[in-house]
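Let me begin by presenting the structure, written as structure tokens, before commenting on it.
Every number here is computed from the coordinates shown, using simple stated rules; none is lab data. None of the values given here were measured: they were computed from a predicted structure. Ideal geometry is used to build each Cβ from the backbone, glycine not excepted, and the neighbour counts take in all protein chains shown.
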Amino acid sequence: MALAAPAMRMASSGAFLPRLLPPTIFSTAMIQLRVRQFSLPLFPSLTLAVPVGFQLGLPSLPSILGDIWESILKAVPKKKTSHMKKRHRQMAGKALKDVNSLCKCPACGEVKRMHFLCPHCTTTHSAEIFSLAPTATSLLSASGSSSIHVHNTTDPTFPLQQTIPAAHKLGCHHVCTARGGLGHVAASVGFGGEIKVWTLPKPTDDDADTANNNNGNNNEWRLDWELGPTKTNGGDVWAIALSSDEGYLACTTSDGRIHVWDIAARDKIQSYETGARGGGSFAMAVDLSRDGRLTASGHESGAVYVFNNDAGRMVYSLSGLAKPVRAVAFSPGCKRLAAAGNAGVIAIYDMEHGEHVGNLTAPSSRPAWITSLDWNDTGEYLLTGSLDGKVRVWDVARGVCVATHSETDTALWSVRWLPKTERALGPGMGKSEMFCAAGASRSLAFYREATGS
């Protein structure tokens with residue numbers, strides 16, 4: 001046991017530790033030993049110094065966990081950018097412009113948009129407005145709903161004068177009045193294929209006195225007679241037009257036929273074919289000249305036909321538009337015919353010789369479909385509405401667009417000039433012509449003059 005003491009001393013001094021630890025660890029380790037003495041029961045005189053713990057100078061735990069933590073953070077999914085945040089970034093500097101064209105409604109005093117009916121004091125359609133028909137004192141509007149609305153155009157607020165409920169159960173897609181007529185006859189076509197003729201009773205002296213006391217709201221449109229879908233002797237009825245004397249009604253059918261009816265006799269007097277045995281192209285538009293001599297029709301094939309009502313035959317088959325024609329209109333003097341449609345081009349034809357004399361085209365690489373057009377009372381300007389929501393006023397003599405209005409981005413289905421009045425409608429409104437536009441926005445927009453004011 002004499003040798004045990006030196007051995008213990010060597011153990012306590014750490015001289016033998018190089019043989020116990022691996023060289024790689026020992027070369028980088030700084031060893032600290034704590035020695036505790038134990039006495040064995042059998043050998044009370046022998047004491048052993050046994051190392052009970054040691055601490056190596058290895059890299060610290062935070063430094064090791066730091067590398068692991070960094071890799072864990074990289075694996076954690078980042079916070080997803082919300083849709084609102086993306087839209088805010090996209091719309092930075094591109095936000096919608098503020099609506100500054102506001103005014104006060106002269107009737108109720110509420111704030112409303114200029115050229116629009118006040119939503120606080122009038123009721124608009126619950127569906128898209130497909131057609132407009134003006135008279136000297138009112139404006140009829142038809143929509144996808146079953147009712148027809150009548151607005152008073154002699155009042156600067158354009159109040160709702162009458163609502164014809166259940167006019168067409170499935171909705172109405174066309175309504176018309178006689179251009180330059182007395183405004184006592186109107187016609188409408190529903191999606192069910194039925195034609196209804198409405199009349200406004202002619203005022204007597206007693207009615208005139210009552211009308212003055214009741215602001216002219218006593219006279220209302222009434223149903224005169226109805227033409228069922230089976231009585232048209234052809235396909236479904238689509239477009240309609242009235243003669244200026246309110247005596248004749250022209251209608252088109254889906255199989256390309258054009259029928260002319262005598263309203264007073266309630267009898268069909270003419271029927272024109274544009275194809276063999278009713279195999280013609282869909283007739284999408286029709287118009288009667290103001291002198292009642294000519295009838296024009298526009299078809300899905302792009303063809304435009306002109307018929308002589310006195311002779312009962314076709315006189316012109318016009319070309320120039322290869323796409324569906326959605327609107328045709330005679331000028332007030334019956335010397336010109338305008339036709340437009342999906343091509344986005346307004347074709348002008350001479351009715352004396354049936355020649356194509358020119359085109360009116362908007363400066364665009366892809367012009368929008370033209371859904372409606374109308375001449376003013378003098379024949380100087382042509383009004384058009386298109387699928388892109390723009391209303392354009394054209395100077396026919398110069399062949400240029402003199403005004404463009406874009407109050408809405410939705411489709412416009414009908415635009416109409418209002419008859420020129422002899423008195424001012426309101427302060428600063430003058431005696432100038434006005435026009436109205438309507439469409440998918442379900443509202444009526446009124447404009448004054450052809451200069452965009």
Taking a crude spin-label model, label points 7 Å out from Cα along the C-beta direction, the residue 126 to residue 199 distance in nm is 3.1
Under the rule rounded for a/c under 1.5, else prolate if a/b exceeds b/c, else oblate, using alpha carbon gyration tensor axes a ≥ b ≥ c, the range 104-448 is classed as oblate
Neighbours of residue 248 by Cβ distance under 15 Å: Lys/Arg at +1, Asp/Glu at -1, summed charge -3
Plugging the Cβ-Cβ distance of residue 111 and residue 442 into 1/(1 + (r/R0)^6) at R0 = 22 Å yields, to the nearest 0.05, a FRET efficiency of 0.70
Checking rank on 360-371, 143-154, 302-313, with mean other Cβ inside 10 Å and highest first, the result is 143-154, 302-313, 360-371
Over 30 Å (Cα to Cα) among 80/390; 169/202; 104/202 -> 80/390; 104/202
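Please work out how much length the chain gains when fully extended from residue 104 to residue 170, using 0.36 nm per residue of separation minus the C-alpha to C-alpha distance, in nm with one decimal.
Contour length minus the Cα-Cα distance gives 20.2 nm.
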Computed about the Cα centre, the charge dipole of the range 104-448 from +1 Lys/Arg and -1 Asp/Glu charges at the Cβ has a magnitude in debye, to the nearest 20, of 740
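What relative contact order, as a whole-number percentage, does the range 263-341 give when Cα pairs under 8 Å and 6 or more residues apart are counted?
For the range 263-341, the relative contact order is 25 percent.
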Full extension between residue 350 and residue 404 adds, at 0.36 nm per residue less the Cα distance, a length in nm of 16.8 nm
So, relative contact order of the range 104-448 in percent, Cα under 8 Å, 6 or more apart, is 11
By the mean-Cβ-within-10 Å protection proxy, highest first, 284-297, 323-336 rank as 284-297, 323-336
